[in-house]
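Report on one structure; see the data block that follows.
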Ligand code: PSU
Ligand code: MN
């Protein structure tokens, strides 16, 4: 029994019988996509995890309880609340629990709860990272520190180039976090398959990825792993328009003095508006692809 943690009956029985389970985050639902597509996407992601042989565990805080495994109604409520729900990272967890509130968990907080629940594989869209201009702002996502300390593998499509991808990779290297490309040498840049930066290693199969995770944790090397899965080629965006949209959104964020935890959701929403919704379509497809790979990895992790 872990204090303040509730597993859904399905997740609880899957874990007890050692079936594969995939953790899913909720900030991507509330702050990462607009209603109602956020909710439809979250439901579809759960279906994809099931079709690939694993049980989905969407993670959030509801009335001050950490939940691993939400029902459709709970996902719908979070999606409807959107950015009015608290965005919860490591530092926010004790406060939102103490106050009995609702919270959507970031990559960092989802990793913490997945680890408490005993779920080592987690699928999302993109991780947070070192922001452009971090030399002055010191804006480095708590996701990176979490990857350094919490033993959960995060399957993502790399990181958006709203971030400084070069510094993000340097930070992960310093912190001892493996960055493994799934069938790619190139660290993917979320909307595009290539960023110009390299991953540590390209790994060809879900089975080999699972084996590497097992070895890392058997060795007592605590901490996460970034599994970078490029967006499927048919859904990737062209580099120039997405880079232009990012530049414009960054300029606006600067002009409006947006800071701290608000900056990532602001940029995501503006990029979607500027690209006329095209970025949202790409975002959804890459999450589907990550859910598929995560379920396969979880199935080999035994
Ligand atoms: N990047 C995305 N989509 C997202 C996020 C990041 O492409 O939805 C969310 C994730 O929940 C991530 C969080 O953990 O933003 C990072 O926020 P910050 O930069 O404030 O640490
Ligand atoms: Mn930040």
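The values are calculated or read from the model by the stated rules, or taken from the named source; none is laboratory data. None of these values were measured; they are calculated from a predicted model. Using ideal geometry, Cβ is built from the backbone for each residue, glycine included, and neighbour counts are taken over all protein chains shown.
With the condition kept exactly as written, say whether any residue in segment 204-224 is surrounded by fewer than 22 Cβ atoms within 10 Å (Cβ to Cβ), within 16 Å of ligand 1 (Cβ to nearest atom), more than 17 Å from residue 124 (Cβ to Cβ) and at pLDDT 95 or above. Scanning segment 204-224, I find no residue that is surrounded by fewer than 22 Cβ atoms within 10 Å (Cβ to Cβ), within 16 Å of ligand 1 (Cβ to nearest atom), more than 17 Å from residue 124 (Cβ to Cβ) and at pLDDT 95 or above, so the answer is no.
Residue 286 satisfies every condition listed in (1) farther than 19 Å from residue 158 by Cβ; (2) crowded, with 22+ Cβ neighbours inside 10 Å except (1).
Taking segment 102-115, which residues are surrounded by fewer than 24 Cβ atoms within 10 Å (Cβ to Cβ) and touching a strand residue (DSSP E or B) at 6+ places or on another chain (Cβ under 6 Å)?
Across segment 102-115, the qualifying residue is only 102.
What residue, among those in segment 290-301 that are more than 18 Å from residue 17 (Cα to Cα) and either without any contact (Cβ under 8 Å) to a residue 24 or more places away in the chain or in contact with a helix residue (DSSP H, G or I) (Cβ under 8 Å, 6 or more places away or on another chain) (or both), is surrounded by the most Cβ atoms within 10 Å (Cβ to Cβ)?
294
Cβ separations smaller than 7 Å between residues 6+ apart or across chains give the following pairs from segment 123-145 residues that are at negative phi to residues that are at pLDDT below 95 and more than 12 Å from ligand 2 (Cβ to nearest atom): 126/160. Can you tell me which residue among 212, 231 is over 21 Å from residue 129 (Cα atoms) and touching a residue at least 24 places away in the same chain (Cβ under 8 Å)? Exactly one of 212, 231 is over 21 Å from residue 129 (Cα atoms) and touching a residue at least 24 places away in the same chain (Cβ under 8 Å), namely 212. Scanning segment 133-163 for residues that are outside any helix (DSSP H, G or I), over 20 Å from residue 209 (Cα atoms) and within 12 Å of ligand 1 (Cβ to nearest atom) gives 139, 140, 141, 160, 161, 162, 163.
Conditions (1) over 28 Å from residue 85 (Cβ atoms); (2) part of a helix (DSSP H, G or I); (3) within 16 Å of ligand 2 (Cβ to nearest atom), marked per residue:
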position	(1), (2), (3)
237	yes, no, no
249	no, yes, yes
252	no, yes, no
283	no, yes, no
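Summed over segment 104-122, the residues that are within 7 Å of ligand 1 (Cβ to nearest atom) and without any contact (Cβ under 8 Å) to a residue 60 or more places away in the chain give a count of 1.
The residue that is farthest from ligand 1 (Cβ to nearest atom), counting only those in segment 257-281 that are part of a loop (DSSP other than H, G, I, E, B) and touching a helix residue (DSSP H, G or I) at 6+ places or on another chain (Cβ under 6 Å), is 275.
For residue 136, state whether it is surrounded by fewer than 22 Cβ atoms within 10 Å (Cβ to Cβ), within 14 Å of ligand 2 (Cβ to nearest atom) and farther than 26 Å from residue 59 by Cβ. For residue 136, the condition - surrounded by fewer than 22 Cβ atoms within 10 Å (Cβ to Cβ), within 14 Å of ligand 2 (Cβ to nearest atom) and farther than 26 Å from residue 59 by Cβ - is met.
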